[in-house]
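Taken together, the values in this text are just the output of simple stated rules run on the coordinates, not laboratory data. All values reported here derive from a predicted model rather than from experimental measurement. Note that each Cβ is placed from the backbone with ideal geometry, even for glycine, and that neighbours are counted across all protein chains shown.
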Amino acid sequence: MISYKITDIKAFTSALFVKEVFDRFLVCEATIQTSNTFHIDGKLQLDYFNDVEKEELEDLEYSFWKQLRPTCFHLIKGSKLPLSFKIVLKLSKSNVEKLVQQTGLTGKFDIEGLLLNIIYRNGEIHCITGTSLKQFTLDKSLEKEWDFMVGKFFKHNQMDFEEM
């Protein structure tokens, strides 16, 4: 787990809420506090979908950020900044598989999720990585690779940050 402090908030929030930079992440949850507190549970409600739509969802458990981004942007846009927001993103299963293959960690871990917590509070944005495994291990190699990959992702997308 590592914490990144975002140093260019305007560019980061544009990447998050306006551009497609984070669209392939899944949304575990989002909480946005403005005049009210809005909580979004990113978990898909399968009863809402017909059989054809369910097949298209394959084995997805959560919505993609691409689907919820317009709603979240609508909640924060305006003349006043939100009081706070917290968005918990999860790397998609296919991207977890790519990361595992690229790092040579294949078969070593039973991964529940690779998470990115984005927290805006008191005029600052902090992004905190997280690794959730289905079983306990002392091996931190996956966690280190995920931390490194998030930093690389930020650099690639020209997001300024400091490691905390």
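Any lysines with Cα under 27 Å of the Lys77 Cα? List them, leaving off those in the same chain fewer than 8 positions away.
Lys5, Lys10, Lys19, Lys43, Lys66, Lys86, Lys90, Lys155
For the chain, what class follows from the C-alpha gyration tensor (a ≥ b ≥ c being the square roots of its eigenvalues): rounded when a/c is under 1.5, otherwise prolate if a/b is larger than b/c, else oblate? Display every interim value, and only then the final one.
Values: a/c = 1.92, a/b = 1.14, b/c = 1.69.
Judged from the Cα gyration tensor, the chain comes out oblate (a/c at least 1.5, b/c at or above a/b).
Taking the square root of 5 times each eigenvalue of the Cα gyration tensor, what semi-axes in Å does the equivalent ellipsoid of region 78-164 have, largest first?
28, 14, 12
Kindly rank 152-159, 127-134 from highest to lowest mean number of other beta carbons found within 10 Å of each residue.
127-134, 152-159
Going by amide H atoms built from the backbone, whose H comes under 5 Å of the H on Asp160, apart from near neighbours?
Here Thr7, Asp8 satisfy the definition.
To the nearest 0.05, what FRET efficiency results for Lys10 and Gln102 with a Förster distance of 45 Å applied to their C-beta separation? Write out the running numbers ahead of the final one.
On the way: r = 32 Å, r/R0 = 0.70.
Here the calculated transfer efficiency is 0.90.
Can you compute the helix-only [θ] at 222 nm over the chain? Use -39500 (n - 2.57) per DSSP H run of at least 4 residues, normalise by all residues, nearest 500 deg cm²/dmol.
-10000 deg cm²/dmol
What number comes out for the charge environment of Phe73, summing +1 per Lys or Arg and -1 per Asp or Glu over other residues with Cβ under 15 Å away?
Details: positive: Lys10, Lys19, Lys66, Arg69, Lys77, Lys80; negative: Glu20, Asp23.
Result for the local shell: +4.
In nm, give the distance between the simple-model label positions of Gln67 and Glu162, each being 7 Å from the Cα along the Cα-to-Cβ direction.
Distance between the two pseudo-spin positions: 3.8 nm.
Near the amide H of Leu83, under 5 Å away, which other amide H atoms are found, from residues 5 or more places off or on another chain, if H is placed in the peptide plane?
Distant-sequence amide H within range of Leu83: Gln33, Thr34.
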